[in-house]
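Scroll down for the structure; my scribbles are underneath it.
The values are calculated or read from the model by the stated rules, or taken from the named source; none is laboratory data. Every value quoted in this text rests on a predicted model; they were computed, and no experiment measured them. Here the Cβ positions follow ideal geometry from the backbone for every residue, glycine too, while neighbour counts run over all protein chains shown.
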Amino acid sequence: MKSTRLVVLFIILALVATACSTTPTPASALEGALAQKNHLLICTDFPYPPQEMFDANGNPEGLDIDIGTEMAKRLGLQVQFVNSVFDTIIAAVNSGKCDIIISAQNITADRQKQVSMIPYFQAGQSFVALKGNPDNINVPMDLCGKAAAAESGTTEADYLQGTGDYLDKGITQACQAAGKPAVTVVVTQKDTDALQQLQAGKVVIYSTDSPVAAYYTIEHPDLFQVVGQVLEPIQEGISVPCGQEDCTNAPLSTVGETVRSTLKSMMDDGTYLKILTKWNLADGAVTLP
């Protein structure tokens, strides 16, 4: 009787071992779904501190970098960040130049038509002026008849111009409705170019996400200051191709589901909050719906 039980036990253990050995690892589950085998390519628009930037040795660092690196580690993949122009970053991921986007992308209705977006952070929009606020910009309407700069493709540029999710509801339209001159909006290819427009005195404010505005004013308190009120925070998302013409109601792809479950595991075990805290961005934490 004992020998029979032992045989049965050995059979059960063998079946369990076989099942474990054939269960696909996260990396193998993504076989054929990635741009490069055993790599996770992440499109990111550098620099946009403190979310993505380069250290003194030219190595990528920041909130988004740490999140992407941890994801790749958990999936058994080698991470690679692909420096991308923000205005064409969705086209880059949809054309296979990268697998996902982690680049401080606000979740908007327009973007959700083009990619699936998994929330991972939230941030508001801020105005940055030269130290002392020489043009006395305190509310958006103070920009009427003046010049403002923002990076192309951002919600800040949309808000200033009245485009995208702010179609006909931007500051420019508000000025015109009040019988005031429109805002002259200077749209730049890189966020740092918009900051340089302010530093050169060509615009009165530079508009960017609140963490970025805080970073520059803390790093250069003698040059810049945040003015006015931070606009309502918007969730940022990790973008993944959906494989359909309109991603609005499309189910997540294999890559999308894997990214979402990996992010969830990071949230559950505290790693996610630890990364945010490292960059003094814990107040931007979100939960997955």
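Key figures for this structure:
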item	result
Within the stretch 263-289, tally of residues that are among the hydrophobic types (A, V, I, L, M, F, W, C), in a helix (DSSP H, G or I) and out of contact with any strand residue (DSSP E or B) (no Cβ under 7 Å at 6 or more places or on another chain)	6
Residue within the stretch 243-260 that is without any contact (Cβ under 8 Å) to a residue 40 or more places away in the chain, surrounded by fewer than 23 Cβ atoms within 10 Å (Cβ to Cβ) and acidic (D, E) present	yes
Filter pass, T88 being surrounded by fewer than 17 Cβ atoms within 10 Å (Cβ to Cβ), at negative phi, among the polar types (S, T, N, Q) and at pLDDT below 85	no
Residue selected from the stretch 44-71 under the condition of a type in the set (G, A, S) and assigned to a loop (DSSP other than H, G, I, E, B), by the criterion nearest to the chain's Cα centre (by Cα)	G62
Inter-residue pairs, beta-carbon under 6 Å, first under 12 Å from Y216 (Cα atoms) and in the stretch 47-59, second part of a loop (DSSP other than H, G, I, E, B) and hydrophobic (A, V, I, L, M, F, W, C), 6+ apart	P50/W279
Scan of the stretch 185-225 for residues that are touching a Phe, Trp or Tyr at 6+ places or on another chain (Cβ under 9 Å), among the hydroxyl-bearing types (S, T, Y) and under 20 Å from T172 (Cβ atoms), ordered by number	Y206, S207, T208
